[in-house]
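The values are calculated or read from the model by the stated rules, or taken from the named source; none is laboratory data. None of these values were measured; they are calculated from a predicted model. FYI the Cβ positions are ideal-geometry reconstructions off the backbone, even for glycines, and counts take in every protein chain you see. Keep in mind that these areas ignore ligands, DNA and RNA; they rest on the heavy atoms of the full protein, side chains included. Shrake-Rupley method; radii C 1.70, N 1.55, O 1.52, S 1.80 Å.
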Amino acid sequence: MPARLQGVIKAGNAAEIPLDKLQADADQPREEFDEAALDRLAESLKTRGQLQPIRVRWDEGRGAYVIIAGERRWRAAVKAGLKTMTCIIHDREIPPAELLTMQVVENMLREDLRPIEQAKAFRALMDLNGWPLRQLARELAIDHSGVVRALALLDLPEDVQAHVEHGHLPAATAYELSKMDDPVEQAELASRVVAEGLSRAEAAEVVRRAPGRKAKGRGANKGRKITSRTMRVSTGVKVTMECRKGLNDALVRATLVVALAALDTETGSGEQAAA
C-alpha cells in the first residue's frame, strides 16, 4: 500500500450538495448574523473556495438537507453565488436535545453566539435534558460560574437584554446589574452605564451601594445591620433613609414623624414671613 494511503480511511458521508437543497435550521441557537462579516466571508469563498465542509441531515418532510453546523458559511456561499457546498451528511436520526448540544458546542467553539443567544441555548438544553446547572457545565465542559453568569442575563428586563444584544452593554457588566432586585433600578443603571461609559468595576460599586442588592450566599444577611431603607409611595416619590447605627421599623416611623414636624415648622415660618 502506498505511504499516502496507509492508515487513511475515506469518509463515505461527504458530498457536494446544491445550495438549493440546503436549508437553515429554524431551531438552532444562533439568531443574528453580522452582514459585514458575511460579506467578508463571501469574498473569501469566491477567492479561496470552501475550506471546511458544513454538516447537514436529511429532512424527509422538507425534502431538503437541514444544516446542523455551518449556517454562516452557507449564507456567505449564497452571497458569493456558489452552486454547491461540500457537506458531511449525518444519516442517523438525531434527537432534539443532542442536536441542540451539537449546535451550542459548535457555536461556542467559534465564539459565534451572542451572550443572550448563548444564555437561551443553555436554558433550552437544561429544559430538554432535565439537567441541573452543574450538569450542563459538565456536559459542555465549561466553567460552572460561566453558566451562572450567562443564565443571570435572562432575569434582566427586556430593555437591558436589548442593550446586551446590540453590544452597548458588556455581558460581564450586565451580570453585575443582575445582583439588584428591582428591575426598574436595573434598567436605570443599564442606561447610565451606556450613557456614561461606566466600567464593570464602576457598575459593580454602584450595585454594591444600592439598597436593593440581592443577598449572595447562605446566611449573607445574618447579623448584618440594615443601614439603608428605600420606600416608594403612591405619589411616585422615592424616600431613602440611612443610618450607620442601623434602622428598624420603630426608628423609621419616629424619623418620619420628626421629619413631618420639621416640615410643618418650616412651612409655618415661611407663611409668617410672607405675611
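Each residue in the range 13-47 was checked for being over 22 Å from the mean Cα position of the chain (by Cα) and open to solvent by less than 70 Å² (accessible area, probe 1.4 Å), and 15 of them qualify.
Of the listed requirements (1) among the charged types (D, E, K, R); (2) closer than 30 Å to GLU139 by Cα; (3) at pLDDT 90 or above, GLU43 misses just one: (2). Restricted to the range 154-206, the set of helices (runs of 4 or more DSSP H) holding at least 2 residues that are open to solvent by less than 60 Å² (accessible area, probe 1.4 Å) and of a type in the set (Ser, Thr, Tyr) comprises 171-177.
Look at (1) surrounded by 14 or more Cβ atoms within 10 Å (Cβ to Cβ); (2) in contact with a Lys or Arg (Cβ under 9 Å, 6 or more places away or on another chain) and you find that ASN129 fails only one, number (2). Just one of the numbered conditions (1) charged (D, E, K, R); (2) touching a helix residue (DSSP H, G or I) at 6+ places or on another chain (Cβ under 8 Å); (3) surrounded by 15 or more Cβ atoms within 10 Å (Cβ to Cβ) is not true of ASP143: (3).
As a summary of the residue check, LEU99 satisfies the conditions (1) open to solvent by less than 40 Å² (accessible area, probe 1.4 Å); (2) assigned to a helix (DSSP H, G or I); (3) more than 16 Å from ARG30 (Cα to Cα); (4) not aromatic (Phe, Trp, Tyr) except for the one numbered (3). Being at pLDDT 90 or above, touching a helix residue (DSSP H, G or I) at 6+ places or on another chain (Cβ under 9 Å) and aromatic (Phe, Trp, Tyr) is a condition met by at least one residue of the range 64-76.
Looking only at residues in the range 48-89 that are charged (D, E, K, R) and open to solvent by 60 Å² or more (accessible area, probe 1.4 Å), the one that is nearest to ALA14 (Cα to Cα) is ARG55. The set of residues in the range 17-40 being without any contact (Cβ under 8 Å) to a residue 40 or more places away in the chain, within 20 Å of PRO53 (Cβ to Cβ) and not in a helix (DSSP H, G or I) is empty.
Identify the residue in the range 175-205 that is farther than 17 Å from ASP155 by Cβ and basic (Lys, Arg) and, among all such residues, is nearest to the chain's Cα centre (by Cα). Restricting to residues being farther than 17 Å from ASP155 by Cβ and basic (Lys, Arg), the top hit is ARG200.
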